[in-house]
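Chemist: Attaching a single structure in structure tokens format; questions to follow.
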Amino acid sequence: MASSFWKGVVGVGLFALAHAAFSAAQHRSYMRLTEKENETLPIDIVLQTLLSFVITCYGIVNISGEFKDMDASSELKNKTFDTLRNHPSFYLFNHRGRVLFCPPEQEPSTPSAQALPSNPLRLRKLENYH
Amino acid sequence: MLSVSEMLKMRDKLRKWREENYRNSEQIVDVGEELLNEHASKLGDDIWIIYEQVMIAALDCSRDDLAWSCLQELKRQFPDSHRVKRLAGMRLEALERYEDANKLYDSILQDDPTNTAARKRKISILRAQGKSSEAIRELNEYLEQFVGDQEAWHELSELYINEHDYAKAAFCLEELMMTNPHNHLYCEQYAEVKYTQGGLENLELARKYFAQALKLNNRNMRALFGLYMSASHIAASPKVSAKVKKDNMKYGAWAASQISRAYQMAGRGKKENKCSVKAVEEMLESMQITMS
């Protein structure tokens, strides 16, 4: 899966960061021991720190999922009244669906019922779903 | 039998339908029933909310057996939950046992007077029984206490529109527009209510809010048509000055050209495009407001 690759990247980046920190601490104690306080941190430790930071950031961004648009109204461009008008806390159930979608076994077995197709509204799974 | 990846896809679809308030109950029952019967173990903690979603969809589709089994599972897992009691009440409502449902909700409210869900269901019971004025009154009282409940404001505006009390419906939509300034649909619905109220000031206001809805979302066709109609209406009114008439005819002409262009772009590449475009132009012509 892609996310385990990026998790690996974040892990490697964090490990490299910790390694760079440890080497910097070791370098500092070495400086103190050899009394050469004027030497700056070696450039490879600095590079390792910066590079591992960038790798960690990049890995985290790829784990954390999709970005959203800054423009608040752009998310709503595809929203329609079909879904906006539905208030789940106020749903009523006394609508035609109670009769329309009634399973065929519950219908009375009159000759006219035989002519009815077996619930033509029943959709095929998966392929029809948008 | 679905594979694991298909099952995850279905679970994500169910989540999308749940979060965006889709009421495609037949599909939910189809997909949800299969997920629950065959893949219950792989769903983890999601399973309870899927039970709730499938139960409500089953009530819509008159699948009382499925609704009952979902309710039993939820009762077993959450024995003293108000949320599950509310679902039991909804099932009673679907079976039209309104007194029993009312008693259940009253017991929830006795336990927890701040429970908004039970109050909203009681309002829905009033609405289902056709007592719209009482439902409106109860909803108003509810909104005095819980001013921020946007669903309730929208429901109240719908109730007022059904009663043809457009001024109050406009007030509710104004509340919604205030809290959601970036939502073009509320602007557009407000403009439609103002247009329905009629009268010159309301038409001007309607035109402005249709324009605002278009500014927020330039693909909103209803707002474009609304702009065209309100501008034409103002231009055809006898009481306006010549300048206003000219301006509105200009707006109307712009809206008409945008509509034709939108239909042309939509029909690009299809061979019936020319006839459709001509049909749109004829429709716009026939919608011209003439002074009678």
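Chemist: Can you give me the number of residues within segment B:222-248 that are loosely packed, with under 15 Cβ neighbours inside 10 Å and either in a helix (DSSP H, G or I) or touching a residue at least 40 places away in the same chain (Cβ under 8 Å) (or both)?
Modeler: Residues flagged as loosely packed, with under 15 Cβ neighbours inside 10 Å and either in a helix (DSSP H, G or I) or touching a residue at least 40 places away in the same chain (Cβ under 8 Å) (or both) within segment B:222-248 amount to 4.
Chemist: Follow-up. Against the conditions (1) within 11 Å of another protein chain (Cβ to nearest Cβ); (2) not in a helix (DSSP H, G or I), where does B:Val147 fall short? Just the number, please.
Modeler: If we test B:Val147 against (1) within 11 Å of another protein chain (Cβ to nearest Cβ); (2) not in a helix (DSSP H, G or I), just (1) comes out false.
Chemist: Has segment B:6-28 got at least one residue that is within 14 Å of another protein chain (Cβ to nearest Cβ), of a type in the set (Gly, Ala, Ser) and within 20 Å of A:Ser89 (Cα to Cα)?
Modeler: Yes.
Chemist: While we're looking at this one, here's another question. How many residues does segment B:249-276 hold that are farther than 28 Å from B:Gln212 by Cβ and either among the polar types (S, T, N, Q) or assigned to a helix (DSSP H, G or I) (or both)?
Modeler: The total comes to 4.
Chemist: Please go through segment B:111-124 and give me each residue that is within 9 Å of chain A (Cβ to nearest Cβ) and of a type in the set (Val, Ile, Thr), ordered by number.
Modeler: Once the filter is applied, which keeps residues that are within 9 Å of chain A (Cβ to nearest Cβ) and of a type in the set (Val, Ile, Thr), segment B:111-124 yields B:Thr116, B:Ile123.
Chemist: When you go through B:Ser276, B:Ser286 one by one, which is the residue that is more than 29 Å from A:Leu76 (Cα to Cα) and polar (S, T, N, Q)?
Modeler: Every option except B:Ser286 fails the conditions.
Chemist: Within segment A:75-94, track down each residue that is hydrophobic (A, V, I, L, M, F, W, C) and either over 15 Å from B:Tyr186 (Cα atoms) or more than 7 Å from every other protein chain (Cβ to nearest Cβ) (or both).
Modeler: Of everything in segment A:75-94, those that are hydrophobic (A, V, I, L, M, F, W, C) and either over 15 Å from B:Tyr186 (Cα atoms) or more than 7 Å from every other protein chain (Cβ to nearest Cβ) (or both) turn out to be A:Phe90, A:Leu92, A:Phe93.
Chemist: Specify which of the listed residues (B:Ala167, B:Ala191) is among the small types (Gly, Ala, Ser), in a helix (DSSP H, G or I) and within 14 Å of chain A (Cβ to nearest Cβ).
Modeler: Criteria check complete, one pass: B:Ala191.
Chemist: Looking at segment B:233-255, can you tell me whether even one residue there is over 30 Å from A:Asp71 (Cα atoms) and either among the acidic types (Asp, Glu) or under 28 Å from the mean Cα position of the chain (by Cα) (or both)?
Modeler: Yes: segment B:233-255 contains one or more residues that are over 30 Å from A:Asp71 (Cα atoms) and either among the acidic types (Asp, Glu) or under 28 Å from the mean Cα position of the chain (by Cα) (or both).
Chemist: Regarding B:Asp64, is this residue more than 26 Å from the chain's Cα centre (by Cα) and of a type outside the set (A, V, I, L, M)?
Modeler: So B:Asp64 fails the test.
Chemist: Looking only at segment B:67-99, how many residues end up being within 16 Å of A:Pro103 (Cβ to Cβ) and under 24 Å from the mean Cα position of the chain (by Cα)?
Modeler: 1
Chemist: Continuing with this model, one more query. May I ask you to list the residues in segment A:59-102 that are basic (Lys, Arg) and more than 19 Å from the chain's Cα centre (by Cα)?
Modeler: If the condition is that a residue be basic (Lys, Arg) and more than 19 Å from the chain's Cα centre (by Cα), then A:Lys77, A:Lys79, A:Arg85, A:Arg96, A:Arg98 are the ones that fit.
Each value in this text was obtained by applying a stated rule to the coordinates, not by laboratory testing. Note that this is a predicted model, so its numbers are computed, not measured. All Cβ positions, even for glycine, are placed from backbone atoms using ideal geometry, and neighbour counts span all protein chains on display.
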